[in-house]
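Colleague: Could you have a look at this structure, given as structure tokens, before my questions?
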Amino acid sequence: MISKNQIKFIRQLEQKKYRRREGLFVAEGTKVVGDLLAVCQPRALLATRPWLDSHPALAQASFDVTEVSDDELRRVSFQQHPQQVLALFPLPEGGRPEVGSNELALALDGVQDPGNLGTIIRIADWFGIATIVCSEDTADAWNPKVVQATMGSIARVNMIYTDLPAWLDALPADFPVYGTLLDGEDIYRQPLSQHGLIVMGNEGNGISEAVRRRVSHRLLIPDFHQGDTADSLNVAIATAITCSEFRRRR
């Protein structure tokens with residue numbers, strides 16, 4: 001049984017200010033919750049009896065586990081079709097982003113759409129990119145919509161928010177910073193290193209001028225259409241193409 005106060009508490013976590021105040025975010029579904037359980041302990045977990053029966057070890061859990069009905073789960077869920085389990089996990093502690101000299105990382109400059117951000121996190125996980133450095137105006141990675149869109153990859157990718165131009169200024173002078181820009185050079189014809197930073201910009205405006213000035217290698221994903229074509233690629237799709245080309249060269 002879940003109380004009205006518990007329902008209200010969980011529903012408030014849809015908003016960033018409450019997530020920050022409580023230091024918690026919501027994860028839902030067997031895949032997302034399962035991947036997060038493998039790396040950290042939740043503050044609380046709510047699940048239906050069939051899910052609990054399939055996870056007998058949780059009977060000895062040190063955190064709060066509550067059995068709920070399907071109807072109760074629907075009342076707290078942010079999903080149209082809840083999937084047996086919902087858990088409250090602690091927000092990761094913030095820190096200064098560190099990118100190793102031999103590491104390939106992503107930077108996001110003002111990506112706003114939660115679905116795009118969640119997909120980009122999933123793409124990073126797929127291509128073995130462990131760190132994403134975000135500008136402070138990028139969508140919150142612990143928004144329930146973002147967490148769901150990652151399909152569990154949020155458990156394996158380090159998300160850090162910072163003043164992106166200032167952080168870029170602090171990188172070593174010879175550290176390659178790649179950016180996808182309309183005035184860039186064909187990515188398929190340019191030398192690409194196995195380390196560095198790939199910057200992806202806002203859905204409508206691309207990379208901001210402040211960040212653009214700090215890009216040392218300008219890349220373009222060319223279109224192959226003869227005649228009229230789309231104005232641009234979705235930022236998540238562009239991220240996948242770019243990451244794929246970097247990894248293909250390895």
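The values are calculated or read from the model by the stated rules, or taken from the named source; none is laboratory data. Just so we're clear, the structure is a prediction, and the values are computed from it rather than from any experiment. Here the Cβ is made from the backbone with ideal geometry for all residues, glycine too, and neighbour counts use every protein chain on show. Please note that ligands, DNA and RNA were not included when accessible areas were found on the heavy atoms of the full protein model with its side chains. Shrake-Rupley method; radii C 1.70, N 1.55, O 1.52, S 1.80 Å.
Colleague: Would you confirm, using the coordinates I've provided, whether Arg247 is closer than 19 Å to Leu108 by Cβ, among the charged types (D, E, K, R) and buried (at least 17 other Cβ atoms within 10 Å of the Cβ)?
Modeller: no
Colleague: A further question follows. Only one of Gln79, Gln83 is without any contact (Cβ under 8 Å) to a residue 60 or more places away in the chain and in a loop (DSSP other than H, G, I, E, B); which?
Modeller: Gln83
Colleague: Please list, ordered by residue number, the strands (runs of 3 or more DSSP E) wholly in region 146-231 having 2 or more residues that are exposed (fewer than 11 other Cβ atoms within 10 Å of the Cβ).
Modeller: Ranges flagged: 177-186.
Colleague: In region 105-145, how many residues are of a type in the set (D, E, K, R), buried (at least 18 other Cβ atoms within 10 Å of the Cβ) and part of a helix (DSSP H, G or I)?
Modeller: So the answer is 2.
Colleague: Report every pair of residues separated by at least 6 positions or lying on different chains whose Cβ atoms are under 8 Å apart, first residue within region 22-34 and polar (S, T, N, Q), second open to solvent by less than 10 Å² (accessible area, probe 1.4 Å).
Modeller: Short answer, once both residue conditions are applied: Thr30/Trp51; Thr30/Val85.
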